[in-house]
1. When the range 325-348 is examined, which residues are found to be in a loop (DSSP other than H, G, I, E, B), within 19 Å of the chain's Cα centre (by Cα) and farther than 23 Å from residue 125 by Cα?
2. If we scan the range 325-342, do we find a residue that is open to solvent by less than 20 Å² (accessible area, probe 1.4 Å) and among the β-branched types (Val, Ile, Thr)?
3. Quick one: which of 317, 351 is assigned to a helix (DSSP H, G or I), of a type in the set (S, T, N, Q) and open to solvent by 10 Å² or more (accessible area, probe 1.4 Å)?
4. Among the residues of the range 295-317, which ones are within 24 Å of residue 240 (Cα to Cα) and of a type outside the set (A, V, I, L, M, F, W, C)?
5. Does residue 296 qualify as being open to solvent by 30 Å² or more (accessible area, probe 1.4 Å), modelled with pLDDT of 95 or more and touching a helix residue (DSSP H, G or I) at 6+ places or on another chain (Cβ under 8 Å)?
6. In the range 42-70, which residues are part of a loop (DSSP other than H, G, I, E, B) and either of a type in the set (Gly, Ala, Ser) or without any contact (Cβ under 8 Å) to a residue 24 or more places away in the chain (or both)?
7. How many of the residues making up the range 187-212 are of a type outside the set (Val, Ile, Thr) and either more than 21 Å from the chain's Cα centre (by Cα) or modelled with pLDDT of 95 or more (or both)?
8. Might you check whether a residue that is open to solvent by 50 Å² or more (accessible area, probe 1.4 Å) and among the small types (Gly, Ala, Ser) occurs anywhere in the range 21-35?
Amino acid sequence: MMANNQPLKIIVLFGGRSGEHDVSLMSAKFVISQLDPQKYDVIQVGITREGEWFTGEGILNALIAGDVTGYTPVTILPDPKRPGLYSLAEDNMQFMSDVDVVFPVLHGTFGEDGTLQGLLEMAGIAYVGPGVLGAAVGMDKAVFADVMRANNIPIVPTMLMLRSEFKENSEAMLAKCESFSSYPMFIKPANMGSSVGISKVRNRSDLYEGLMDAAQYDRRMVIQAGWKVREIEVAVMGNDKPIASVCGEVLPGEEFYSYDAKYYDETSNTVVPAEVPEELSEKIRDLAVRAYQAIDSAGLTRVDFFLNQETGEIAINELNTIPGFTEISMYPMLWEATGVPNQELVEKLINFALSRKEDRNQTKTAYQRGA
C-alpha cells in the first residue's frame, strides 16, 4: 500500500529498556534491510536502555555503540489530533514527520507487553503486531497459561510465584515448587523473552539460585515442569483469519535454548520444516492458530511447543507476539520455508497493521455515540 502513490512513512522502533535490548537491535537491522525503499520511507527511531527516544541517520549503529550524542530526541504524543513524530531538541517540541505505520521491533517489557501498544492506540497510529490485550496476555507467561487452560489448549504445566512470596518465606516456596513438579524444572521471569533469566534446575540449590535470578527481571515468576522434549515452533500471521507456517524444530547446542544458544552459539541448529508426521504437524499448526485467536493476537506471533519424548504429548511452551526477527530467527525462516520471502513478509505485516487500524476506525467511541 502507498499513500497517494507516495512511499508510506514507516517508523522502525528498536532498542528499549528490556533485557532484550541487544536482540532488538539485531532484529531491527534485518527488518530495515527488507523494507523496499521504493515503497517505504523508513524513519529509524532508537530507544536507549534508559528509555530515551532518538532519531537521525545512523541511530541504529549509534545504539549498538552505546553513544547517541548529537542525535535528535523525539516522541510520539498520545493525542490523535496531533499524530506523528515530534522533535524535543533544545526542549522545544516541534513536529517532524507524519507517520503511517510504526513497526515495533521491541522484544520484552516496554515494547511487547502492551505498554507501547497503548501509546500507539491513544495516538491513533497504525502499528505492526497485536493490540494491548494480545500483547499483554502473550507476554505474561502465567496469565497466558491460564488463558490456554480456559480454552482447552494444552500447555506445559506451569505455576506462578511472586517475588515477594519468595523473599518472605523462601523455604516454603521451595517446598511448594517441589510439590508442584519433580526435578528438573524450569524457572522463568513471567514477562521476559529470548530466554533471558531462564534456568533449568535439578535440585534445591539450583532451584534457589534460579528463583533468585528470575526475580531480578520480574516480580512474577513461573515454575514449569521440565519435560524431556523436542522443541517445535510455528509462525502465525494475520488478523481475524490468521494462518500458520510449516513447523520448525530447534536443536539447541546447549541443554536448552538459552539466550546464548539462540543468538551466539554456532552449535545450535534448526530444522525447517520439522521432521514430524503430517498428522502431528497439522495438529500443532491448528493449536497455534487457536492460541493466537484465544489471546486476540494480530499481525504476527511465534508459538513454541514442547513434544514430550517420553509420552508423545504435545503442549504449548510459550508464545511470542514480537518474535526475534534476525536473519537466523525462526519466524522469518518458517515463513520463507512456507513460500513467503522476507521482503513480502514485512510488507504483509505492514498491510495487516493498516487493515487493523481501519477496522478500529469503524468502531464508535463513547464520545462519538454521545455527540
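1. 326, 327, 328, 329
2. Within the range 325-342, the subset open to solvent by less than 20 Å² (accessible area, probe 1.4 Å) is 325-326, 329-332, 334-335, 340.
So of that shortlist, the ones also among the β-branched types (Val, Ile, Thr) come out as 326, 340.
Yes: one or more hits.
3. Working: 317 fails: assigned to a helix (DSSP H, G or I).
Result: 351 is the single residue among 317, 351 that is assigned to a helix (DSSP H, G or I), of a type in the set (S, T, N, Q) and open to solvent by 10 Å² or more (accessible area, probe 1.4 Å).
4. Of all residues in the range 295-317, those within 24 Å of residue 240 (Cα to Cα) come to 295-305, 315-317.
Residues satisfying the conditions are 296, 297, 299, 301, 302, 304, 317.
5. On the way: open to solvent by 30 Å² or more (accessible area, probe 1.4 Å): yes; modelled with pLDDT of 95 or more: yes; touching a helix residue (DSSP H, G or I) at 6+ places or on another chain (Cβ under 8 Å): yes.
Against the criterion (open to solvent by 30 Å² or more (accessible area, probe 1.4 Å), modelled with pLDDT of 95 or more and touching a helix residue (DSSP H, G or I) at 6+ places or on another chain (Cβ under 8 Å)), residue 296 qualifies.
6. Initial filter on the range 42-70 (part of a loop (DSSP other than H, G, I, E, B)): 48-52, 56-58, 66-70.
Correct list: 51, 52, 56, 57, 58, 66, 67, 68, 69, 70.
7. The first filter runs over the range 187-212 and keeps only residues of a type outside the set (Val, Ile, Thr), leaving 188-195, 197, 199-200, 202-212.
With either more than 21 Å from the chain's Cα centre (by Cα) or modelled with pLDDT of 95 or more (or both) added as a condition, the list becomes 200, 202-212.
Total meeting the criteria: 12.
8. Step one: of the range 21-35, the residues open to solvent by 50 Å² or more (accessible area, probe 1.4 Å) are 22, 26, 29, 33.
Okay, now just the ones that are also among the small types (Gly, Ala, Ser), so 33.
Yes: one or more hits.
The values are calculated or read from the model by the stated rules, or taken from the named source; none is laboratory data. As the structure is a prediction and not an experimental result, all values here were calculated from the model. We place every Cβ from the backbone using ideal geometry, glycine too, and count neighbours over all the protein chains shown. Calculation scope for accessible area: heavy atoms of the full protein, side chains included, ligands and nucleic acids excluded. Shrake-Rupley method; radii C 1.70, N 1.55, O 1.52, S 1.80 Å.
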